[in-house]
1. Straight-line reach only, C-alpha to C-alpha below 17 angstrom: list the lysines that K554 could link to, leaving out same-chain residues fewer than 8 apart.
2. Specify the angular offset, from 0 to 90 degrees and rounded to the nearest 10, of the alpha carbon long axis of helix 118-143 from the longest principal axis of the alpha carbons in the chain.
3. I'd like the Karplus ³J(HN,Hα) series for the range 147-158: coefficients 6.51, -1.76, 1.60, θ = phi - 60°, whole numbers in Hz, and an x wherever there's a Gly or Pro.
4. What percent antiparallel are the DSSP beta bridges of the range 395-508, to the nearest 5?
5. Testing the spin-label approximation: label points 7 Å from Cα along Cα→Cβ at K106 and Q568. State their distance in nm.
6. Can you work out the Karplus-derived ³J(HN,Hα) for every residue in the range 369-377? Use 6.51 cos²θ - 1.76 cosθ + 1.60 with θ = phi - 60°, whole Hz, and x for glycine or proline.
7. Sorted by average packing, counted as other Cβ atoms within 10 angstrom per residue and highest first, what order do 72-82, 369-379 take?
8. In degrees, nearest 10, range 0 to 90: what is the angle between the Cα axis of helix 571-584 and the longest Cα principal axis of the chain?
Amino acid sequence: MFKITKYALKLFIKTQPVFFFFMIFLGIPHGLLHSVATLVFSQRFFDTVGDIITKGEPLSKAYIIIIMAGLVFVIREILEGIYNFLFNNILFHKPKREMKKILHEKMSRIDPIYFEDTKLHDIIEKADPGMESILGMVSYIVVLVNIYVPYFIFMSFYLNNLKPYLIWIIFLAFIPGLLGQLVKTGIVEKFEDKAAPVRREYDYYGKTITDKSYYKETRKLGAYKFFLTRLLDSMRRLGKAEWDKNKKINLIELSSNLVTAAGYAGALFMLVNALISGDITAGAFAAVLASISKLFEWMKELIEEGIGDFAMDLGMAKNFMRFIELPERGGADAEPDFNKGIIAESVSFAYPNAEFASVDNVSLEIKSGETIAVVGANGAGKTTLVLLLMGLYSPMSGTVNLNGMTTSNINSKSLFNSISAVFQNFQRYQMTLDENIKISNYSRVGETDLVLTESGVDFENGDTFPNGKNTMLSREFDGVDLSGGQWQRIAIARGLYRRHNIIVLDEPTAAIDPIEESRIYRKFVDISKGKTAIIVTHRLGSTKIADRVIVMDKGRIINIGAHDALMQNCELYAEMFKAQAVWYEKNEGF
(Lines give C-alpha, C1' and ligand atoms only; values in the text may rest on other atoms or scores of the structure.)
Protein backbone atom coordinates (compact mmCIF):
# COMPACT_ATOMS: atom_id res chain seq x y z
CA MET A 1 0.00 0.00 0.00
CA PHE A 2 2.72 2.47 0.96
CA LYS A 3 4.74 1.59 -2.15
CA ILE A 4 1.82 2.25 -4.50
CA THR A 5 0.77 5.39 -2.62
CA LYS A 6 4.30 6.76 -2.77
CA TYR A 7 4.48 6.00 -6.52
CA ALA A 8 1.14 7.73 -7.16
CA LEU A 9 1.92 10.85 -5.14
CA LYS A 10 5.33 11.22 -6.81
CA LEU A 11 3.59 11.01 -10.19
CA PHE A 12 1.09 13.76 -9.29
CA ILE A 13 3.79 16.01 -7.84
CA LYS A 14 5.95 15.42 -10.91
CA THR A 15 3.23 16.21 -13.47
CA GLN A 16 1.65 19.25 -11.76
CA PRO A 17 3.39 20.16 -8.49
CA VAL A 18 2.00 23.69 -8.08
CA PHE A 19 -1.58 22.72 -8.80
CA PHE A 20 -1.43 19.60 -6.59
CA PHE A 21 -0.30 21.56 -3.52
CA PHE A 22 -2.73 24.35 -4.34
CA MET A 23 -5.55 21.78 -4.15
CA ILE A 24 -4.32 20.68 -0.73
CA PHE A 25 -4.07 24.31 0.41
CA LEU A 26 -7.58 25.11 -0.89
CA GLY A 27 -9.09 21.91 0.45
CA ILE A 28 -8.05 22.26 4.10
CA PRO A 29 -10.02 25.49 4.79
CA HIS A 30 -12.84 23.99 2.76
CA GLY A 31 -12.81 20.93 5.01
CA LEU A 32 -12.49 22.97 8.21
CA LEU A 33 -15.51 25.08 7.30
CA HIS A 34 -17.47 21.86 6.82
CA SER A 35 -16.53 20.61 10.28
CA VAL A 36 -16.19 23.76 12.36
CA ALA A 37 -19.02 25.90 11.01
CA THR A 38 -21.91 23.54 11.65
CA LEU A 39 -20.89 22.46 15.13
CA VAL A 40 -19.56 25.75 16.56
CA PHE A 41 -22.41 27.90 15.28
CA SER A 42 -25.00 25.30 16.33
CA GLN A 43 -23.67 25.25 19.91
CA ARG A 44 -23.41 29.07 20.06
CA PHE A 45 -26.91 29.45 18.67
CA PHE A 46 -28.50 27.00 21.12
CA ASP A 47 -26.62 28.45 24.10
CA THR A 48 -27.60 31.99 23.06
CA VAL A 49 -31.26 31.03 22.68
CA GLY A 50 -31.08 29.47 26.15
CA ASP A 51 -29.60 32.66 27.56
CA ILE A 52 -32.29 34.76 25.88
CA ILE A 53 -35.01 32.62 27.45
CA THR A 54 -33.50 32.15 30.92
CA LYS A 55 -31.44 35.30 31.40
CA GLY A 56 -33.27 37.83 29.29
CA GLU A 57 -30.38 38.42 26.88
CA PRO A 58 -31.24 40.61 23.83
CA LEU A 59 -32.60 38.81 20.76
CA SER A 60 -30.05 40.59 18.55
CA LYS A 61 -27.34 38.14 19.72
CA ALA A 62 -29.16 35.30 18.01
CA TYR A 63 -29.51 37.38 14.81
CA ILE A 64 -25.77 38.13 14.80
CA ILE A 65 -24.97 34.42 15.05
CA ILE A 66 -27.41 33.61 12.25
CA ILE A 67 -25.85 36.30 9.98
CA MET A 68 -22.33 35.07 10.74
CA ALA A 69 -23.38 31.47 10.07
CA GLY A 70 -24.93 32.56 6.78
CA LEU A 71 -21.71 34.29 5.66
CA VAL A 72 -19.64 31.26 6.58
CA PHE A 73 -22.10 29.05 4.69
CA VAL A 74 -21.79 31.22 1.54
CA ILE A 75 -17.98 31.18 1.73
CA ARG A 76 -18.05 27.40 2.24
CA GLU A 77 -20.29 26.87 -0.79
CA ILE A 78 -18.07 29.07 -2.98
CA LEU A 79 -14.97 27.16 -1.88
CA GLU A 80 -16.76 23.86 -2.45
CA GLY A 81 -17.78 24.86 -5.97
CA ILE A 82 -14.22 25.87 -6.89
CA TYR A 83 -12.76 22.79 -5.23
CA ASN A 84 -15.14 20.35 -6.93
CA PHE A 85 -14.55 21.91 -10.34
CA LEU A 86 -10.77 21.70 -10.03
CA PHE A 87 -10.92 18.23 -8.48
CA ASN A 88 -13.25 16.70 -11.07
CA ASN A 89 -12.02 18.44 -14.23
CA ILE A 90 -8.33 19.31 -13.88
CA LEU A 91 -6.49 17.46 -11.11
CA PHE A 92 -6.31 14.06 -12.83
CA HIS A 93 -5.86 15.11 -16.45
CA LYS A 94 -2.06 15.30 -16.62
CA PRO A 95 -1.34 12.35 -14.30
CA LYS A 96 -3.68 10.13 -16.33
CA ARG A 97 -1.97 11.15 -19.56
CA GLU A 98 1.43 10.48 -17.97
CA MET A 99 0.35 7.04 -16.78
CA LYS A 100 -0.92 6.16 -20.26
CA LYS A 101 2.48 7.18 -21.59
CA ILE A 102 4.20 5.02 -18.97
CA LEU A 103 2.05 2.04 -19.96
CA HIS A 104 2.88 2.35 -23.66
CA GLU A 105 6.58 3.01 -23.09
CA LYS A 106 6.77 0.01 -20.78
CA MET A 107 5.07 -2.12 -23.41
CA SER A 108 7.77 -1.15 -25.92
CA ARG A 109 10.54 -2.21 -23.52
CA ILE A 110 9.20 -5.63 -22.55
CA ASP A 111 11.17 -8.52 -24.02
CA PRO A 112 9.09 -9.65 -27.06
CA ILE A 113 9.24 -13.31 -25.98
CA TYR A 114 6.92 -12.49 -23.08
CA PHE A 115 4.14 -11.79 -25.59
CA GLU A 116 4.15 -15.51 -26.36
CA ASP A 117 3.13 -16.22 -22.74
CA THR A 118 -0.55 -16.20 -21.69
CA LYS A 119 0.36 -14.82 -18.27
CA LEU A 120 1.63 -11.58 -19.80
CA HIS A 121 -1.66 -10.99 -21.60
CA ASP A 122 -3.51 -11.46 -18.31
CA ILE A 123 -1.20 -8.90 -16.67
CA ILE A 124 -1.74 -6.45 -19.55
CA GLU A 125 -5.50 -6.95 -19.29
CA LYS A 126 -5.37 -5.99 -15.61
CA ALA A 127 -2.89 -3.11 -15.98
CA ASP A 128 -5.25 -0.52 -17.47
CA PRO A 129 -7.98 -0.83 -14.81
CA GLY A 130 -5.12 -0.92 -12.30
CA MET A 131 -4.01 2.48 -13.60
CA GLU A 132 -7.51 3.87 -13.09
CA SER A 133 -7.45 2.45 -9.56
CA ILE A 134 -4.23 4.29 -8.74
CA LEU A 135 -5.90 7.54 -9.78
CA GLY A 136 -8.84 6.58 -7.55
CA MET A 137 -6.47 6.00 -4.63
CA VAL A 138 -4.99 9.48 -5.03
CA SER A 139 -8.45 11.05 -5.24
CA TYR A 140 -9.28 9.38 -1.94
CA ILE A 141 -6.03 10.59 -0.34
CA VAL A 142 -6.72 14.18 -1.46
CA VAL A 143 -10.27 14.08 -0.08
CA LEU A 144 -9.02 12.41 3.11
CA VAL A 145 -6.45 15.16 3.72
CA ASN A 146 -8.81 17.98 2.74
CA ILE A 147 -12.13 16.90 4.24
CA TYR A 148 -12.07 13.92 6.56
CA VAL A 149 -8.85 14.50 8.51
CA PRO A 150 -9.69 18.14 9.49
CA TYR A 151 -13.23 17.09 10.38
CA PHE A 152 -12.32 14.15 12.61
CA ILE A 153 -9.39 15.97 14.22
CA PHE A 154 -11.69 18.84 15.12
CA MET A 155 -14.41 16.48 16.37
CA SER A 156 -11.86 14.61 18.48
CA PHE A 157 -10.65 17.81 20.18
CA TYR A 158 -14.18 19.13 20.54
CA LEU A 159 -15.57 15.96 22.16
CA ASN A 160 -12.48 15.54 24.30
CA ASN A 161 -12.90 19.12 25.53
CA LEU A 162 -16.54 18.48 26.45
CA LYS A 163 -15.87 15.13 28.12
CA PRO A 164 -12.88 12.86 27.41
CA TYR A 165 -14.87 9.63 27.24
CA LEU A 166 -17.03 11.06 24.42
CA ILE A 167 -14.05 10.48 22.11
CA TRP A 168 -15.09 6.82 22.12
CA ILE A 169 -17.96 7.82 19.86
CA ILE A 170 -15.49 8.04 16.96
CA PHE A 171 -13.91 4.68 17.75
CA LEU A 172 -17.31 3.02 18.10
CA ALA A 173 -18.15 4.25 14.61
CA PHE A 174 -14.78 3.70 12.99
CA ILE A 175 -12.99 0.51 14.05
CA PRO A 176 -15.51 -2.25 13.10
CA GLY A 177 -16.05 -0.91 9.61
CA LEU A 178 -12.36 -0.30 9.02
CA LEU A 179 -11.42 -3.90 9.77
CA GLY A 180 -14.12 -5.14 7.41
CA GLN A 181 -13.08 -2.89 4.55
CA LEU A 182 -9.46 -3.96 4.68
CA VAL A 183 -10.56 -7.51 3.88
CA LYS A 184 -11.85 -6.21 0.52
CA THR A 185 -8.33 -5.80 -0.86
CA GLY A 186 -7.70 -9.54 -0.98
CA ILE A 187 -11.18 -10.29 -2.35
CA VAL A 188 -10.78 -7.83 -5.24
CA GLU A 189 -7.24 -9.01 -5.99
CA LYS A 190 -8.38 -12.65 -6.27
CA PHE A 191 -11.34 -11.59 -8.40
CA GLU A 192 -9.07 -9.75 -10.88
CA ASP A 193 -6.78 -12.77 -11.16
CA LYS A 194 -9.79 -14.94 -11.98
CA ALA A 195 -11.64 -12.45 -14.19
CA ALA A 196 -8.80 -11.14 -16.42
CA PRO A 197 -8.46 -14.23 -18.71
CA VAL A 198 -12.27 -14.51 -18.94
CA ARG A 199 -12.55 -10.84 -19.94
CA ARG A 200 -10.03 -11.48 -22.72
CA GLU A 201 -12.17 -14.39 -23.95
CA TYR A 202 -15.30 -12.24 -23.79
CA ASP A 203 -13.67 -9.41 -25.76
CA TYR A 204 -12.35 -11.84 -28.37
CA TYR A 205 -15.67 -13.61 -28.99
CA GLY A 206 -17.36 -10.22 -29.22
CA LYS A 207 -14.92 -9.29 -31.99
CA THR A 208 -15.60 -12.51 -33.91
CA ILE A 209 -19.25 -11.47 -34.13
CA THR A 210 -18.98 -7.73 -34.80
CA ASP A 211 -15.44 -6.78 -35.86
CA LYS A 212 -14.89 -5.99 -39.53
CA SER A 213 -11.98 -8.40 -39.87
CA TYR A 214 -14.17 -11.32 -38.66
CA TYR A 215 -17.81 -10.73 -39.41
CA LYS A 216 -17.75 -11.59 -43.14
CA GLU A 217 -16.32 -15.05 -42.53
CA THR A 218 -18.47 -15.55 -39.43
CA ARG A 219 -21.64 -14.87 -41.41
CA LYS A 220 -20.49 -16.81 -44.47
CA LEU A 221 -19.71 -19.93 -42.47
CA GLY A 222 -22.85 -19.66 -40.39
CA ALA A 223 -20.68 -19.53 -37.27
CA TYR A 224 -22.62 -16.74 -35.55
CA LYS A 225 -24.40 -19.08 -33.12
CA PHE A 226 -21.15 -20.86 -32.30
CA PHE A 227 -19.39 -17.66 -31.29
CA LEU A 228 -22.51 -16.28 -29.60
CA THR A 229 -22.61 -19.40 -27.41
CA ARG A 230 -18.96 -18.88 -26.48
CA LEU A 231 -19.63 -15.19 -25.81
CA LEU A 232 -22.58 -15.94 -23.53
CA ASP A 233 -20.61 -18.63 -21.71
CA SER A 234 -17.72 -16.24 -20.99
CA MET A 235 -20.27 -13.61 -19.92
CA ARG A 236 -21.86 -16.15 -17.55
CA ARG A 237 -18.50 -17.08 -16.00
CA LEU A 238 -17.55 -13.41 -15.67
CA GLY A 239 -20.91 -12.64 -14.09
CA LYS A 240 -20.55 -15.53 -11.62
CA ALA A 241 -17.11 -14.32 -10.56
CA GLU A 242 -18.54 -10.79 -10.14
CA TRP A 243 -21.46 -12.17 -8.13
CA ASP A 244 -19.19 -14.15 -5.79
CA LYS A 245 -17.02 -11.06 -5.23
CA ASN A 246 -19.96 -8.76 -4.53
CA LYS A 247 -21.63 -11.30 -2.22
CA LYS A 248 -18.53 -11.50 -0.04
CA ILE A 249 -18.06 -7.73 -0.03
CA ASN A 250 -21.70 -7.01 0.84
CA LEU A 251 -21.74 -9.57 3.64
CA ILE A 252 -18.71 -7.80 5.12
CA GLU A 253 -20.44 -4.43 4.79
CA LEU A 254 -23.65 -5.78 6.37
CA SER A 255 -21.73 -7.09 9.38
CA SER A 256 -19.78 -3.84 9.84
CA ASN A 257 -22.98 -1.76 9.49
CA LEU A 258 -24.67 -3.76 12.25
CA VAL A 259 -21.73 -3.14 14.56
CA THR A 260 -21.66 0.54 13.59
CA ALA A 261 -25.41 0.82 14.34
CA ALA A 262 -24.74 -0.59 17.78
CA GLY A 263 -21.98 2.00 18.18
CA TYR A 264 -24.42 4.75 17.19
CA ALA A 265 -26.82 3.63 19.91
CA GLY A 266 -23.96 3.55 22.43
CA ALA A 267 -22.90 7.07 21.44
CA LEU A 268 -26.45 8.41 21.98
CA PHE A 269 -26.55 6.76 25.42
CA MET A 270 -23.21 8.34 26.39
CA LEU A 271 -24.38 11.75 25.18
CA VAL A 272 -27.70 11.64 27.08
CA ASN A 273 -25.92 10.43 30.20
CA ALA A 274 -23.44 13.36 29.95
CA LEU A 275 -26.35 15.85 29.73
CA ILE A 276 -28.23 14.35 32.68
CA SER A 277 -25.10 14.34 34.84
CA GLY A 278 -24.45 17.98 33.94
CA ASP A 279 -21.15 17.26 32.19
CA ILE A 280 -22.22 19.19 29.08
CA THR A 281 -24.52 22.17 28.51
CA ALA A 282 -27.87 21.97 26.77
CA GLY A 283 -26.39 23.90 23.83
CA ALA A 284 -23.49 21.46 23.52
CA PHE A 285 -25.92 18.54 23.79
CA ALA A 286 -28.11 19.97 21.02
CA ALA A 287 -25.09 20.77 18.83
CA VAL A 288 -23.48 17.35 19.28
CA LEU A 289 -26.83 15.61 18.85
CA ALA A 290 -27.33 17.48 15.59
CA SER A 291 -23.78 16.65 14.54
CA ILE A 292 -23.64 13.03 15.69
CA SER A 293 -25.81 11.93 12.78
CA LYS A 294 -23.45 13.74 10.42
CA LEU A 295 -20.49 12.22 12.26
CA PHE A 296 -21.74 8.68 11.70
CA GLU A 297 -22.81 9.52 8.14
CA TRP A 298 -19.33 10.81 7.35
CA MET A 299 -17.74 7.89 9.15
CA LYS A 300 -19.84 5.47 7.11
CA GLU A 301 -18.95 7.37 3.95
CA LEU A 302 -15.28 7.39 4.92
CA ILE A 303 -15.22 3.65 5.61
CA GLU A 304 -17.44 2.34 2.80
CA GLU A 305 -16.87 4.83 -0.01
CA GLY A 306 -13.44 6.00 1.10
CA ILE A 307 -11.49 3.22 2.74
CA GLY A 308 -13.68 0.60 1.04
CA ASP A 309 -13.02 1.99 -2.43
CA PHE A 310 -9.39 2.56 -1.49
CA ALA A 311 -9.08 -1.10 -0.46
CA MET A 312 -10.64 -2.30 -3.73
CA ASP A 313 -8.52 0.15 -5.75
CA LEU A 314 -5.44 -1.12 -3.93
CA GLY A 315 -6.26 -4.69 -4.95
CA MET A 316 -6.42 -3.60 -8.61
CA ALA A 317 -3.55 -1.10 -8.43
CA LYS A 318 -1.19 -3.94 -7.57
CA ASN A 319 -1.76 -5.22 -11.11
CA PHE A 320 -0.49 -1.96 -12.60
CA MET A 321 2.65 -2.20 -10.47
CA ARG A 322 3.17 -5.84 -11.50
CA PHE A 323 3.07 -4.71 -15.12
CA ILE A 324 5.48 -1.80 -14.50
CA GLU A 325 7.89 -4.18 -12.76
CA LEU A 326 7.96 -6.77 -15.57
CA PRO A 327 11.48 -7.61 -16.82
CA GLU A 328 12.60 -5.42 -19.70
CA ARG A 329 14.77 -6.08 -22.70
CA GLY A 330 18.04 -4.53 -21.51
CA GLY A 331 21.45 -4.30 -23.12
CA ALA A 332 24.06 -1.74 -23.94
CA ASP A 333 24.31 0.68 -26.86
CA ALA A 334 26.57 -0.43 -29.72
CA GLU A 335 27.58 0.61 -33.22
CA PRO A 336 26.89 -1.99 -35.92
CA ASP A 337 29.65 -3.24 -38.21
CA PHE A 338 27.81 -3.91 -41.48
CA ASN A 339 30.70 -5.95 -42.88
CA LYS A 340 30.33 -8.75 -40.31
CA GLY A 341 26.94 -10.12 -41.38
CA ILE A 342 25.10 -12.58 -39.13
CA ILE A 343 26.71 -15.48 -37.26
CA ALA A 344 24.68 -18.00 -35.21
CA GLU A 345 26.50 -20.56 -33.11
CA SER A 346 24.71 -23.58 -31.55
CA VAL A 347 21.46 -21.66 -31.16
CA SER A 348 18.43 -23.28 -29.52
CA PHE A 349 15.07 -21.77 -28.62
CA ALA A 350 11.69 -22.91 -27.26
CA TYR A 351 8.55 -20.85 -26.74
CA PRO A 352 7.10 -20.48 -23.22
CA ASN A 353 5.28 -23.65 -22.10
CA ALA A 354 6.25 -25.41 -25.36
CA GLU A 355 7.12 -29.09 -25.15
CA PHE A 356 9.72 -29.06 -27.94
CA ALA A 357 12.32 -26.59 -29.18
CA SER A 358 11.36 -24.60 -32.29
CA VAL A 359 15.05 -24.12 -33.17
CA ASP A 360 17.44 -26.85 -32.11
CA ASN A 361 21.23 -26.40 -32.07
CA VAL A 362 21.50 -24.33 -35.25
CA SER A 363 24.78 -22.85 -36.48
CA LEU A 364 24.86 -20.57 -39.50
CA GLU A 365 26.80 -17.71 -41.09
CA ILE A 366 25.24 -15.17 -43.46
CA LYS A 367 27.70 -12.83 -45.14
CA SER A 368 27.01 -9.16 -45.59
CA GLY A 369 25.23 -8.48 -48.90
CA GLU A 370 24.17 -12.11 -49.32
CA THR A 371 20.65 -13.15 -50.35
CA ILE A 372 19.38 -16.15 -48.37
CA ALA A 373 16.18 -18.15 -48.78
CA VAL A 374 14.84 -20.18 -45.85
CA VAL A 375 12.48 -23.03 -46.78
CA GLY A 376 10.78 -25.94 -45.07
CA ALA A 377 7.37 -27.31 -44.17
CA ASN A 378 5.01 -25.50 -41.82
CA GLY A 379 6.36 -25.74 -38.27
CA ALA A 380 9.93 -26.36 -39.42
CA GLY A 381 11.16 -23.33 -37.43
CA LYS A 382 11.77 -20.90 -40.31
CA THR A 383 10.14 -17.82 -38.78
CA THR A 384 11.55 -18.52 -35.33
CA LEU A 385 15.07 -18.80 -36.76
CA VAL A 386 14.67 -15.46 -38.54
CA LEU A 387 13.38 -13.80 -35.36
CA LEU A 388 16.51 -15.05 -33.58
CA LEU A 389 18.79 -13.86 -36.37
CA MET A 390 17.16 -10.40 -36.27
CA GLY A 391 17.61 -10.19 -32.49
CA LEU A 392 13.88 -9.93 -31.78
CA TYR A 393 14.17 -13.05 -29.60
CA SER A 394 17.23 -14.05 -27.60
CA PRO A 395 18.41 -17.67 -27.83
CA MET A 396 18.07 -19.89 -24.77
CA SER A 397 21.46 -21.33 -25.56
CA GLY A 398 24.14 -20.39 -28.05
CA THR A 399 24.80 -16.93 -29.46
CA VAL A 400 23.75 -14.76 -32.39
CA ASN A 401 26.06 -11.99 -33.60
CA LEU A 402 24.28 -9.43 -35.77
CA ASN A 403 26.46 -6.87 -37.54
CA GLY A 404 29.16 -7.55 -34.95
CA MET A 405 26.73 -7.17 -31.99
CA THR A 406 25.75 -10.04 -29.68
CA THR A 407 21.94 -9.93 -29.63
CA SER A 408 21.62 -11.04 -25.99
CA ASN A 409 23.81 -8.18 -24.74
CA ILE A 410 22.77 -5.25 -26.96
CA ASN A 411 19.57 -3.21 -26.62
CA SER A 412 16.80 -3.31 -29.19
CA LYS A 413 17.41 0.22 -30.48
CA SER A 414 20.97 -0.64 -31.56
CA LEU A 415 19.98 -4.02 -33.00
CA PHE A 416 16.95 -2.88 -35.00
CA ASN A 417 18.41 0.40 -36.23
CA SER A 418 19.49 -1.08 -39.55
CA ILE A 419 16.89 -3.83 -40.02
CA SER A 420 13.65 -3.82 -41.95
CA ALA A 421 11.13 -6.64 -42.21
CA VAL A 422 7.82 -7.58 -43.80
CA PHE A 423 5.94 -10.42 -42.11
CA GLN A 424 3.11 -12.62 -43.29
CA ASN A 425 0.72 -11.05 -40.77
CA PHE A 426 1.53 -7.48 -41.78
CA GLN A 427 -0.67 -4.59 -40.64
CA ARG A 428 -3.22 -2.77 -42.75
CA TYR A 429 -3.09 0.70 -41.24
CA GLN A 430 -6.23 2.78 -41.68
CA MET A 431 -4.34 5.78 -43.01
CA THR A 432 -3.47 7.23 -46.41
CA LEU A 433 -1.25 5.29 -48.81
CA ASP A 434 1.59 7.76 -48.25
CA GLU A 435 1.28 7.47 -44.45
CA ASN A 436 1.21 3.66 -44.66
CA ILE A 437 4.62 3.74 -46.33
CA LYS A 438 6.30 6.43 -44.23
CA ILE A 439 5.52 5.27 -40.67
CA SER A 440 9.16 4.29 -39.98
CA ASN A 441 10.41 7.81 -40.74
CA TYR A 442 7.72 10.33 -41.54
CA SER A 443 10.14 13.24 -41.72
CA ARG A 444 11.83 11.95 -44.87
CA VAL A 445 10.75 13.77 -48.02
CA GLY A 446 10.10 11.91 -51.26
CA GLU A 447 11.27 8.35 -52.03
CA THR A 448 7.80 6.87 -51.59
CA ASP A 449 7.22 7.04 -55.36
CA LEU A 450 10.28 4.85 -55.97
CA VAL A 451 9.48 2.10 -53.45
CA LEU A 452 5.82 2.02 -54.52
CA THR A 453 6.81 1.59 -58.15
CA GLU A 454 9.44 -1.04 -57.29
CA SER A 455 6.84 -2.98 -55.26
CA GLY A 456 4.31 -2.94 -58.09
CA VAL A 457 1.86 -0.47 -56.48
CA ASP A 458 0.22 1.57 -59.25
CA PHE A 459 -0.56 4.61 -57.12
CA GLU A 460 -1.33 6.71 -60.21
CA ASN A 461 -4.27 4.46 -61.11
CA GLY A 462 -7.23 6.74 -60.46
CA ASP A 463 -9.70 3.86 -60.21
CA THR A 464 -7.81 2.13 -57.37
CA PHE A 465 -6.31 5.23 -55.76
CA PRO A 466 -8.63 8.16 -56.57
CA ASN A 467 -6.49 10.63 -54.59
CA GLY A 468 -3.13 9.14 -55.53
CA LYS A 469 -0.80 8.72 -52.55
CA ASN A 470 -3.25 10.68 -50.40
CA THR A 471 -5.97 8.07 -50.84
CA MET A 472 -7.37 6.90 -47.49
CA LEU A 473 -7.05 3.10 -47.26
CA SER A 474 -10.13 2.43 -45.15
CA ARG A 475 -13.83 2.42 -45.90
CA GLU A 476 -14.45 3.23 -42.24
CA PHE A 477 -12.80 6.63 -42.83
CA ASP A 478 -14.47 7.34 -46.16
CA GLY A 479 -11.67 5.77 -48.21
CA VAL A 480 -11.13 2.70 -50.38
CA ASP A 481 -10.62 -0.98 -49.65
CA LEU A 482 -7.87 -2.96 -51.37
CA SER A 483 -7.34 -6.57 -52.30
CA GLY A 484 -5.01 -8.81 -50.30
CA GLY A 485 -2.42 -8.73 -53.07
CA GLN A 486 -2.44 -4.92 -53.21
CA TRP A 487 -1.98 -4.73 -49.43
CA GLN A 488 0.97 -7.14 -49.64
CA ARG A 489 2.70 -4.91 -52.19
CA ILE A 490 2.13 -1.91 -49.91
CA ALA A 491 3.63 -3.86 -46.99
CA ILE A 492 6.72 -4.66 -49.08
CA ALA A 493 7.03 -0.99 -50.12
CA ARG A 494 6.82 -0.05 -46.43
CA GLY A 495 9.66 -2.45 -45.63
CA LEU A 496 11.81 -1.12 -48.46
CA TYR A 497 11.20 2.50 -47.44
CA ARG A 498 12.81 2.01 -44.04
CA ARG A 499 16.57 2.59 -44.17
CA HIS A 500 18.19 -0.77 -43.68
CA ASN A 501 21.26 -2.92 -44.09
CA ILE A 502 19.33 -6.17 -43.56
CA ILE A 503 15.81 -6.84 -44.80
CA VAL A 504 13.61 -9.86 -44.17
CA LEU A 505 10.56 -10.99 -46.14
CA ASP A 506 8.76 -13.61 -44.08
CA GLU A 507 6.11 -15.00 -46.46
CA PRO A 508 4.34 -11.67 -47.02
CA THR A 509 3.09 -12.71 -50.48
CA ALA A 510 0.68 -15.53 -49.60
CA ALA A 511 -2.23 -13.73 -51.32
CA ILE A 512 -0.28 -13.35 -54.56
CA ASP A 513 -0.13 -16.18 -57.11
CA PRO A 514 3.19 -18.11 -57.25
CA ILE A 515 4.30 -16.64 -60.60
CA GLU A 516 3.65 -13.05 -59.51
CA GLU A 517 5.37 -13.79 -56.20
CA SER A 518 8.48 -14.92 -58.08
CA ARG A 519 8.47 -11.75 -60.13
CA ILE A 520 8.19 -9.61 -56.96
CA TYR A 521 11.03 -11.52 -55.30
CA ARG A 522 13.25 -11.11 -58.35
CA LYS A 523 12.55 -7.38 -58.31
CA PHE A 524 13.17 -7.36 -54.57
CA VAL A 525 16.62 -8.93 -55.01
CA ASP A 526 17.51 -6.33 -57.63
CA ILE A 527 16.46 -3.53 -55.29
CA SER A 528 18.40 -5.05 -52.38
CA LYS A 529 21.72 -5.49 -54.15
CA GLY A 530 24.58 -4.81 -51.74
CA LYS A 531 22.31 -5.45 -48.74
CA THR A 532 21.68 -8.63 -46.78
CA ALA A 533 18.30 -10.10 -47.72
CA ILE A 534 16.52 -13.06 -46.10
CA ILE A 535 13.45 -14.53 -47.79
CA VAL A 536 11.30 -17.00 -45.85
CA THR A 537 8.95 -18.96 -48.09
CA HIS A 538 7.25 -22.31 -48.50
CA ARG A 539 7.10 -21.78 -52.30
CA LEU A 540 10.33 -22.92 -53.85
CA GLY A 541 9.96 -21.24 -57.23
CA SER A 542 11.70 -18.13 -55.83
CA THR A 543 14.70 -19.89 -54.34
CA LYS A 544 16.74 -19.77 -57.55
CA ILE A 545 17.31 -16.07 -57.01
CA ALA A 546 19.03 -16.68 -53.65
CA ASP A 547 22.79 -17.08 -53.26
CA ARG A 548 22.08 -19.91 -50.84
CA VAL A 549 19.02 -21.79 -49.63
CA ILE A 550 18.63 -23.00 -46.05
CA VAL A 551 16.45 -26.11 -45.73
CA MET A 552 14.87 -26.63 -42.29
CA ASP A 553 13.03 -29.56 -40.77
CA LYS A 554 11.86 -29.94 -37.15
CA GLY A 555 13.88 -26.97 -35.92
CA ARG A 556 17.18 -28.04 -37.50
CA ILE A 557 19.06 -27.04 -40.65
CA ILE A 558 19.34 -30.20 -42.72
CA ASN A 559 21.08 -28.67 -45.72
CA ILE A 560 22.44 -25.42 -47.15
CA GLY A 561 23.34 -24.71 -50.74
CA ALA A 562 22.36 -23.26 -54.10
CA HIS A 563 19.20 -24.46 -55.82
CA ASP A 564 20.92 -26.80 -58.32
CA ALA A 565 23.07 -28.43 -55.66
CA LEU A 566 20.10 -29.01 -53.36
CA MET A 567 18.11 -30.61 -56.17
CA GLN A 568 20.92 -33.18 -56.38
CA ASN A 569 21.75 -33.86 -52.75
CA CYS A 570 18.74 -32.83 -50.59
CA GLU A 571 15.82 -35.24 -50.93
CA LEU A 572 13.35 -33.08 -48.96
CA TYR A 573 14.11 -29.97 -51.03
CA ALA A 574 13.83 -31.89 -54.32
CA GLU A 575 10.49 -33.40 -53.30
CA MET A 576 9.08 -30.04 -52.31
CA PHE A 577 10.27 -28.36 -55.52
CA LYS A 578 8.91 -31.11 -57.80
CA ALA A 579 5.55 -31.01 -56.03
CA GLN A 580 5.29 -27.30 -56.85
CA ALA A 581 6.83 -27.45 -60.32
CA VAL A 582 3.44 -27.47 -62.05
CA TRP A 583 2.97 -23.87 -60.89
CA TYR A 584 6.03 -22.72 -62.77
CA GLU A 585 6.47 -25.06 -65.76
CA LYS A 586 4.58 -22.77 -68.13
CA ASN A 587 6.50 -19.74 -66.95
CA GLU A 588 9.73 -18.91 -68.71
CA GLY A 589 12.79 -19.41 -66.54
CA PHE A 590 11.46 -22.36 -64.53
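1. K382
2. The answer is roughly 30 degrees.
3. 10, 5, 4, x, 5, 6, 5, 4, 4, 4, 5, 5
4. Within the range 395-508, antiparallel bridges account for around 40 percent of the total.
5. About 5.9 nm separates the two model spin labels.
6. For the range 369-377, the Karplus curve yields x, 7, 9, 10, 10, 10, 10, x, 5 Hz.
7. The most tightly packed comes first, giving 369-379, 72-82.
8. 90 degrees
The values are calculated or read from the model by the stated rules, or taken from the named source; none is laboratory data. Note that the structure is a prediction, hence the values are computed from the model and not measured. We place every Cβ from the backbone using ideal geometry, glycine too, and count neighbours over all the protein chains shown. Surface areas here come from the heavy atoms of the whole protein model, side chains and all, with no ligands, DNA or RNA. Shrake-Rupley method; radii C 1.70, N 1.55, O 1.52, S 1.80 Å.
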